[in-house]
Structure formats: structure tokens, C-alpha cells
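The values are calculated or read from the model by the stated rules, or taken from the named source; none is laboratory data. Note that the structure is predicted; figures quoted are calculated from it, not measured. With ideal geometry, Cβ positions are generated from the backbone for all residues, glycine too; neighbour counts draw on all protein chains shown.
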Amino acid sequence: MVNIGEVLSSKPRILIADDDDDLRLTLCEYLETCNFAISSASNGNEAITAIQSRKHAFDIIFTDLMMPPGPDGMQVLRAAKHVNPLSCVVVMTGYCSIGTAIESIRSGAFDYLTKPFKLAEIEILATRILDYLALIGDNKRLSSKLALVAEKSASIDLRLEKIEALLTTLLAKAGG
């Protein structure tokens with residue numbers, strides 16, 4: 001397995017968007033102790049602004065589904081995917097329904113988490129996302145290496161065809 005630090009140039013960046021101050025601050029403090037770079041937003045507007053104005057995209061976004069007034073978690077999810085299709089968004093909600101879970105996943109959410117949850121679940125989920133991002137990085141790196149090898153192989157094949165043509169010409173002249 002590749003080192004996460006090789007894939008992500010610095011600490012993994014996480015945005016926590018939740019209108020529940022206690023939960024948001026608890027998640028921020030906990031994830032900081034897990035060596036993540038944390039930003040937070042207390043509503044959908046702040047989250048979307050942070051996503052759109054960020055120099056470096058967030059690797060992971062945890063967003064509450066319901067954050068009245070203003071944009072909800074689904075709008076945060078769509079904004080995140082628009083800005084960076086590779087960002088991994090986790091939708092959190094205390095109002096779990098199959099419909100919103102399906103809509104979240106179809107809209108590109110990495111996962112759907114029902115409240116209340118244990119902090120360890122968040123850490124496990126963040127680690128799983130980092131493993132996923134590492135696999136994507138490995139895939140890109142290996143695909144580019146494979147393309148280079150294929151290009152070199154095609155070049156070698158062309159040279160071999162030219163050599164075979166020259167040998168055929170030489171053998172024809174020597175035999176005739």
C-alpha cells in the first residue's frame with residue numbers, strides 16, 4: 001500500500017459543515033488530533049463559500065443534511081462535486097431516510113452517516129476515504145507508467161518491422 005503522504009502533498013484537508021456548534025467543534029477537535037487539517041462551516045452558505053474559495057480542494061467534506069436556513073447538505077455536496085469531482089463528501093443526518101440516502105449516493109456522496117455516531121466511526125470513515133484516495137493516486141500513476149510502456153513497445157515494434165523489412169530485402173538480393 002502506498003503511503004498516504006505520497007498521495008496527498010500535505011495533511012489531508014477536511015471541511016466540517018454542521019449547524020450544531022457542539023457537534024461541529026467536537027468533530028473539528030477530534031479530527032485535528034488525528035492529524036487532519038480542519039476547516040469548519042456553521043451553515044451551507046459558509047460551506048459552499050469555503051469550497052469555492054479554497055486554493056487547495058478539500059479531500060473530505062462532512063456535511064449535515066439539514067442546515068436551515070439556506071443551502072442544505074445536498075447543495076453542499078453538489079457544489080463540492082462541481083468544484084472538485086474527486087472530493088469525498090459524507091452526508092450526515094439525524095433524519096435518516098432511504099430516499100435521502102439514495103439521493104446522496106446518486107449525487108456523488110462517498111457515504112451517508114446517521115446521527116448519533118461515535119467519533120471512532122468518523123476516524124474509520126476518514127481513513128477509509130484516504131485509502132480510497134491513495135488507490136486513485138496509485139491507479140493514475142500506474143496508468144501513466146503503462147501508457148509510457150505501451151508507447152515504448154509500439155516504438156520497438158516499428159523498429160522491428162523495419163529491421164525485418166531490411167532483412168527480407170537483403171535476403172532477396174543475396175538469393176537473386
| remark: Of the conditions (1) modelled with pLDDT of 95 or more; (2) touching a Gly at 6+ places or on another chain (Cβ under 7 Å); (3) of a type outside the set (D, E, K, R), the single one that PHE110 does not satisfy is (2)
| task | Among the candidates LEU166, LEU125, single out the residue that is farther than 28 Å from ILE14 by Cβ and either acidic (Asp, Glu) or in a helix (DSSP H, G or I) (or both). | result | LEU166
| task | Scan region 56-72 residue by residue and report those that are buried (at least 18 other Cβ atoms within 10 Å of the Cβ), within 22 Å of LEU133 (Cα to Cα) and modelled with pLDDT under 95. | result | PHE58, ASP59
| Out of SER53, SER40, SER10, which single residue is of a type in the set (Ser, Thr, Tyr) and in contact with a Cys (Cβ under 7 Å, 6 or more places away or on another chain)? | SER40
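Each row is one residue, and each column tells you yes or no for (1) within 17 Å of ARG24 (Cβ to Cβ); (2) surrounded by 15 or more Cβ atoms within 10 Å (Cβ to Cβ); (3) free of Cβ contacts under 8 Å to residues at least 12 places away in the same chain; (4) aliphatic (A, V, I, L, M).
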site: VAL89; (1), (2), (3), (4): yes, yes, no, yes
site: ALA120; (1), (2), (3), (4): no, no, yes, yes
site: ILE124; (1), (2), (3), (4): no, no, yes, yes
site: LEU130; (1), (2), (3), (4): no, yes, no, yes
site: ILE136; (1), (2), (3), (4): no, no, no, yes
site: ASN139; (1), (2), (3), (4): no, no, yes, no
| said: Looking at ASN84 and the list (1) surrounded by 10 or more Cβ atoms within 10 Å (Cβ to Cβ); (2) more than 25 Å from ALA37 (Cα to Cα), which single condition is not satisfied? | reply: (2)
| said: Suppose the filter is without any contact (Cβ under 8 Å) to a residue 12 or more places away in the chain and either exposed (fewer than 13 other Cβ atoms within 10 Å of the Cβ) or within 16 Å of the chain's Cα centre (by Cα) (or both); does SER97 pass it? | reply: yes
